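Colleague: This is the structure I have questions about; it appears just below.
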Amino acid sequence: MPPGLRAKSIHPLFVLAGLAAASLAGLAMLPKIPQDQAYHLFADQRTLLGIPNFWNVVSNIPFVAVGAVGLARFRNNIATIVLFLGFVLTGIGSAYYHWAPTDGTLFWDRLPMTISFAAIFSLIAEERVGRTVGSILLWPMLLIGVASLLIWLWTDDLRLYFWEQFFPGVVLMALFALFPARYTHAHYWLIAVGLYALAKLFEFTDYQIYSFGNLLSGHTLKHLAAAAACFVILRHLELRRPIL
């Protein structure tokens, strides 16, 4: 790549680094955010076939299925390998957590999700800005994600973890607004975002949804909606073609 084009493609890294530094400085001024222990009290706690919290456990199977298919089909890019491995581990980690919900098991639920988010951030940056930028961003996002969970586990402070969830989302919206798509089927990312937003809505209405007939809880539906978002990302990677 000519030096001029290389400099142009890497320039957004400095902007992102500045925004990250400024937002992290602001984060340090916020009070400590501990883990709410009521988070572990889910609406549907039924035991079926000897499995506690049955539906919240088995509803993680689609994550494993989507991740396994993705790993079989996309092994030429470290970001896609990390992404689909994260999906598989999300299903396993979430099932492990819901079998016996505690802060200790919640760590193994959140860790693979953090890995997946880092890979998604890298892939979108790769598609919108350039492969070099996306590849570089994968590693600091993974490092910050793992560090945020270790800090929470050791100090019961979720500030950095929440930042790691919020800041990339803001940056990704900016990337979609400022940089044209380099691949077809870019709208699949927006569908995935919509499904993830629906999953968060289900999470926050866990008890309300379960109260309608005690069939499935909001948290179970959250898993299914989030797994559907993962499937949409898989389909995007299968269908996308470079825009010449």
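The values are calculated or read from the model by the stated rules, or taken from the named source; none is laboratory data. What you see is a predicted model, and the numbers here were worked out from it, not measured in a lab. Note that we place each Cβ from the backbone using ideal geometry, even for glycine, and neighbour counts take in every protein chain shown. Side chains included, ligands, DNA and RNA excluded: accessible areas come from the protein's heavy atoms. Shrake-Rupley method; radii C 1.70, N 1.55, O 1.52, S 1.80 Å.
Colleague: Please work out which one of (1) surrounded by fewer than 17 Cβ atoms within 10 Å (Cβ to Cβ); (2) part of a helix (DSSP H, G or I) is the condition PRO180 fails and give its number.
Modeller: That leaves (2) as the condition not met.
Colleague: Which of the residues belonging to the range 33-55 are open to solvent by less than 30 Å² (accessible area, probe 1.4 Å), closer than 17 Å to LYS222 by Cβ and touching a residue at least 60 places away in the same chain (Cβ under 8 Å)?
Modeller: Across the range 33-55, the qualifying residues are HIS40, PHE42, ALA43, ASP44.
Colleague: Right, next: Would you confirm, using the coordinates I've provided, whether PHE212 is part of a helix (DSSP H, G or I) and without any contact (Cβ under 8 Å) to a residue 60 or more places away in the chain?
Modeller: no
Colleague: Could you list, in sequence order, the residues of the range 118-132 that are surrounded by fewer than 20 Cβ atoms within 10 Å (Cβ to Cβ) and in contact (Cβ under 8 Å) with a residue 40 or more places away in the chain? Give the derivation first.
Modeller: Narrowing the range 118-132 to residues surrounded by fewer than 20 Cβ atoms within 10 Å (Cβ to Cβ): 131-132.
If the condition is that a residue be surrounded by fewer than 20 Cβ atoms within 10 Å (Cβ to Cβ) and in contact (Cβ under 8 Å) with a residue 40 or more places away in the chain, then THR132 is the only one that fits.
Colleague: While we're looking at this one, here's another question. Quickly run through the range 183-196 and pick out the residues that are among the hydroxyl-bearing types (Ser, Thr, Tyr) and in a helix (DSSP H, G or I).
Modeller: Selection gives TYR188, TYR196.
Colleague: Also, quick follow-up: Across the range 119-150, what is the total count of residues that are part of a helix (DSSP H, G or I), closer than 19 Å to LEU237 by Cα and among the β-branched types (Val, Ile, Thr)?
Modeller: 4
Colleague: Is it the case that SER59 is surrounded by 14 or more Cβ atoms within 10 Å (Cβ to Cβ) and under 28 Å from LEU137 (Cβ atoms)?
Modeller: The answer is no for SER59.
Colleague: While we're on this one: Condition (residue is surrounded by fewer than 22 Cβ atoms within 10 Å (Cβ to Cβ) and modelled with pLDDT under 95) applied to the range 216-239: is it met by at least one residue?
Modeller: No, that holds for no residue.
Colleague: Still on this structure: Hey, among PHE166, PHE202, which residue is out of contact with any Ser or Thr (no Cβ under 7 Å at 6 or more places or on another chain) and at pLDDT below 95?
Modeller: Within the list PHE166, PHE202, the selection yields PHE166.
Colleague: Is there any pair with a first residue in the range 139-152 that is surrounded by fewer than 19 Cβ atoms within 10 Å (Cβ to Cβ) and a second that is not in a helix (DSSP H, G or I) whose Cβ atoms are under 7 Å apart and which are 6 or more apart or on different chains, and what are they?
Modeller: Within 7 Å, the pairs are ILE151/ASP157.
Colleague: Among the residues of the range 66-100, write down those that are touching a residue at least 40 places away in the same chain (Cβ under 8 Å), under 30 Å from SER211 (Cβ atoms) and open to solvent by 40 Å² or more (accessible area, probe 1.4 Å).
Modeller: Passing the criteria: TRP99, ALA100.
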